[in-house]
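Asks: Dropping the structure in here first, questions after.
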Amino acid sequence: MRFLNLEGRGDPVPQHSSPRGMDRGRRIGIALGAALYRLHVRGRDRVPATGPLVMVANHTNFMDGPVLFGAFPRRLSFLVKAEAVTGPLGWLLKHVGQYALVRDKPDRIPLLASLAQLQAGGAIGVFPEGTRGQGDVATVFAGAGWLAARSGATIVPVAVRGVSRPSGVRRRFRPRVEVLVGQPFAVEQGASRTAVAAATDGIREHLAALVRTLDEDLAAGSVDRRH
């Protein structure tokens, strides 16, 4: 049972958290995912068990983070918008290993701390669209590309659908949520603007393609819905 036997227990954690704190948070994510959704994850076996890793996912709803935090087989430290990391919720997010990032200006402190975590062999989660929307990855910001290019970390794209309620649809009880983990890929390592731009473009292309694949699977009814 994953709730008791979490993977990724060798992953390093941020200085402001602890292994126990992060694993407690992951169990909260697992419990929330099971209570609120009928969660179906494909491709978890594609995630490298060790080594520096940047997980990038599309973003449509606040609950995308908790769902992926619990579902992912590594200790993930997400870059979370600073506006959310305030009050009791902010304390909890920091306690379970998340970073507060100011989106509208260069914010090097959390980025450098995330880079150090990657260089130690850890896993960082980023919603590269920067804000919630349609989740089709039309544009991305450079933070994920900067981390990937500077660290040389493996990148794992993840597509999520079903957390956000479609327009015009009534309130749903435990809606079906589909998570598709894509094939890991690498970008050229480097610190130049050219390297970061190339990494950012690669992330956008891989993640957008994965979201299209999931959307096509759902439209064609080829996703197994028996679970």
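Asks: With modelled with pLDDT under 95, in contact with a helix residue (DSSP H, G or I) (Cβ under 7 Å, 6 or more places away or on another chain), of a type in the set (A, V, I, L, M) and within 23 Å of Phe78 (Cα to Cα) as the only criterion, which of Ala159, Ala191 stands out? Spell out how you get there, then give the answer.
Replies: On the way: Ala159 fails: modelled with pLDDT under 95.
Of Ala159, Ala191, the one residue that is modelled with pLDDT under 95, in contact with a helix residue (DSSP H, G or I) (Cβ under 7 Å, 6 or more places away or on another chain), of a type in the set (A, V, I, L, M) and within 23 Å of Phe78 (Cα to Cα) is Ala191.
Asks: Kindly indicate the residue of segment 82-116 that is within 18 Å of Val196 (Cβ to Cβ) and basic (Lys, Arg) and also modelled with the highest pLDDT among those meeting that condition.
Replies: Within segment 82-116, the match that is modelled with the highest pLDDT is Arg108.
Asks: Please find, within segment 58-103, the residue that is surrounded by the most Cβ atoms within 10 Å (Cβ to Cβ) out of those that are in a loop (DSSP other than H, G, I, E, B) and over 16 Å from the mean Cα position of the chain (by Cα).
Replies: So the first thing to find is which residues in segment 58-103 are in a loop (DSSP other than H, G, I, E, B), and the list is 58-63, 72-75, 85-86, 96-98, 102-103.
Then drop every residue that is not over 16 Å from the mean Cα position of the chain (by Cα), which leaves 85-86, 102-103.
Details: Val85: 18, Thr86: 11, Val102: 12, Arg103: 13.
Among residues in segment 58-103 that are in a loop (DSSP other than H, G, I, E, B) and over 16 Å from the mean Cα position of the chain (by Cα), the one surrounded by the most Cβ atoms within 10 Å (Cβ to Cβ) is Val85.
Asks: For residues that are out of contact with any strand residue (DSSP E or B) (no Cβ under 7 Å at 6 or more places or on another chain) and more than 18 Å from Val137 (Cα to Cα), tally how many sit in segment 188-227.
Replies: Adding up the residues that qualify gives 14.
Asks: Also, quick follow-up: Checking the condition at pLDDT below 95, surrounded by fewer than 21 Cβ atoms within 10 Å (Cβ to Cβ) and of a type outside the set (D, E, K, R), which residue from Gln119, Gln134 passes? Talk me through it step by step, then tell me what you get.
Replies: Values: Gln119 fails: at pLDDT below 95.
Testing whether each residue is at pLDDT below 95, surrounded by fewer than 21 Cβ atoms within 10 Å (Cβ to Cβ) and of a type outside the set (D, E, K, R) leaves just Gln134.
Asks: Restricting attention to segment 3-57, which residues are basic (Lys, Arg), outside any helix (DSSP H, G or I) and more than 29 Å from Ala208 (Cα to Cα)?
Replies: So in segment 3-57, the residues basic (Lys, Arg) come out as 9, 20, 24, 26-27, 38, 42, 44, 46.
Those still in the list that are outside any helix (DSSP H, G or I) too: 9, 38, 42.
Of everything in segment 3-57, just one residue is basic (Lys, Arg), outside any helix (DSSP H, G or I) and more than 29 Å from Ala208 (Cα to Cα), namely Arg9.
The values are calculated or read from the model by the stated rules, or taken from the named source; none is laboratory data. Source: prediction; values computed, not measured. Don't worry about glycine lacking a Cβ; one is built from the backbone with ideal geometry, like all the others, and counts go over all protein chains shown.
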